[in-house]
1. Kindly check whether there is at least one residue in the range 266-289 that is within 30 Å of Ile308 (Cα to Cα), without any contact (Cβ under 8 Å) to a residue 24 or more places away in the chain and among the acidic types (Asp, Glu).
2. Being assigned to a helix (DSSP H, G or I), at pLDDT 80 or above and either surrounded by 11 or more Cβ atoms within 10 Å (Cβ to Cβ) or out of contact with any strand residue (DSSP E or B) (no Cβ under 9 Å at 6 or more places or on another chain) (or both) narrows it down to one of Gly361, Gly350, Gly426, so name that one.
3. Can you report the number of residues in the range 119-136 which are loosely packed, with under 14 Cβ neighbours inside 10 Å and outside any helix (DSSP H, G or I)?
4. Pull up the range 89-137, narrow it to residues that are polar (S, T, N, Q) and touching a residue at least 60 places away in the same chain (Cβ under 8 Å), then point me to the one that is farthest from Tyr39 (Cα to Cα).
5. Only one of Ile308, Ile313 is out of contact with any Pro (no Cβ under 9 Å at 6 or more places or on another chain) and at pLDDT 80 or above; which?
6. Taking the stated definitions as given, is Gly11 farther than 30 Å from Ile185 by Cβ and either assigned by TED's automatic domain parsing to the domain that holds Ile151 or surrounded by fewer than 10 Cβ atoms within 10 Å (Cβ to Cβ) (or both)?
7. Going through Phe101, Phe72 one at a time, which residue ends up being surrounded by fewer than 15 Cβ atoms within 10 Å (Cβ to Cβ), modelled with pLDDT of 85 or more and of a type in the set (Phe, Trp, Tyr)?
8. Quick check on this structure: which one of Val180, Val162 is surrounded by 11 or more Cβ atoms within 10 Å (Cβ to Cβ), in contact with a Ser or Thr (Cβ under 6 Å, 6 or more places away or on another chain) and modelled with pLDDT under 90?
Amino acid sequence: MSQYLVIAIVGGILFAFLLIVSLFKRYKRCPSDRVLVVYGKVGRSLSDEARSAKCIHGGAAFIWPVIQDYAFLNLTPLSIEINLTNALSQQNIRVDVPSRFTVGISTESGVMENAAERLLGLNQEEINNLAKDIIFGQLRLVVATMEIEEINNNRDKFLAAVSYNVEAELKKIGLKLINVNVTDINDESGYIQALGKEAAAKAINDAKKSVAEKVRDGSIGEANAMRDQRVQVSSADATAVEGENLAKITIANSNATRREKEAEAERKAVAAEKVAKAQALEEAYAAEKLAENSRANREQATQNADIIIPATINKEKIEIDAEALAEQIRRQARGEADAIFMKMEAQANGLLEILSKQAAGFERLNKAAGNSKDAVMMMIADKLPELVKIQVEAVKNLKIDKVVVWDNLASGKDGKTPATANFLSGMLGAIPPFQELFKMAGMELPDYLHGKKIEDGKAEVIEEPKKEEKKEKKDKPEA
């Protein structure tokens, strides 16, 4: 009895274990790249209708055995190439629209149930073909509602229409449109190609027009700048010569009156001849005038650019150089004048200092001597060696080989030998007298230096014996 009990217990435990294991295996988790579809008896919807399947994305569910089962829908996107050809546009022009669509199973609530109902059990290729048929039809429908210009020029509108129509149909089978890429659009008649060429030509022409307008604006700006420059230069020149022209107006008016009368007489004399020649040459000159005016304008512009502007620049340069040179000369002259003034001022100060010192010395000498006469005598005595030196310099270069003096032993007056005394007196007389030198200098020698005898404080002139007396004394025999 006990053996059966043990077997029953072990069997119960084993059954419970197997039941638990089987229950765990019925709990299914949904990966992120798949949709878990639970079908069988899954309950009712909100409208109290029986549901065919329950779709779960990103979660898990328990699958009841016997009454429920499960399957997975793959969310991997499908890339579908659609080569639509000979599709009729609104203008009845057949076009080719090669494109590529990317679709996948939708995870939107309500759309996943459509995928579970219509795509569960189909492989990727079968889903691809099904979506391809839907896209072809909707793409032809969109092309038929639009003109070629809209399809070619307004790609955003075309893609929006394609996406709207295609996605609405794909949702019915549980698919979602992820991307649409139209590679190119062509037509059999070459209409789109012609539109492209037209657009390219228009763009090129617009670019050429823009370049021409910019070049024109640059030329106009340059011409305006040159015109303003010429106007300003002419205005400056006119202002410079305005004064001169005002002085010439009176003379010009008088000459103009005279020339007017002479011209009137001359005009009357040659008027008939000029009128006849003018009428004959009028038509010929009309065309030539236009050409000459154009050439004259061009030559005038060239002359203005080649002569007037460089001349103005040279003129300004010369004026600037002249002003600089004048400023340099003024600075140099001012510097030389300052140097001369400082030199002369220094010399004057030196001379003033010398004269001041001499005046102070003379004042002290005058005080020491007691009176001005004695002071002058002391100054002359101080200068006497220098004066004697000058006298000696006058005769030192005279070459005298020898001096022979014949004289008798008789003594003359005052114990002097007459012949010797006369000789020495004559030789000293040949030397420029001191008295004459001092007179030329504005001074006068003292009395005892120019032959005056001083007795009792009075000077007496010592006269030299006359020639007759000298002769008598010579002829008189000595005792």
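1. The answer is yes; a qualifying residue exists.
2. Matching residue, one of Gly361, Gly350, Gly426: Gly350.
3. Of the residues in that region, 2 qualify.
4. Only one residue fits best here, namely Ser89.
5. Ile313
6. Judged against the criteria, Gly11 is not a match.
7. Step by step, each of Phe101, Phe72 is checked, and only Phe72 is surrounded by fewer than 15 Cβ atoms within 10 Å (Cβ to Cβ), modelled with pLDDT of 85 or more and of a type in the set (Phe, Trp, Tyr).
8. Testing whether each residue is surrounded by 11 or more Cβ atoms within 10 Å (Cβ to Cβ), in contact with a Ser or Thr (Cβ under 6 Å, 6 or more places away or on another chain) and modelled with pLDDT under 90 leaves just Val180.
The values are calculated or read from the model by the stated rules, or taken from the named source; none is laboratory data. These numbers come from a predicted model, not from an experiment. Every residue, glycine among them, receives a Cβ derived from its backbone with ideal geometry; neighbour counts consider all protein chains shown.
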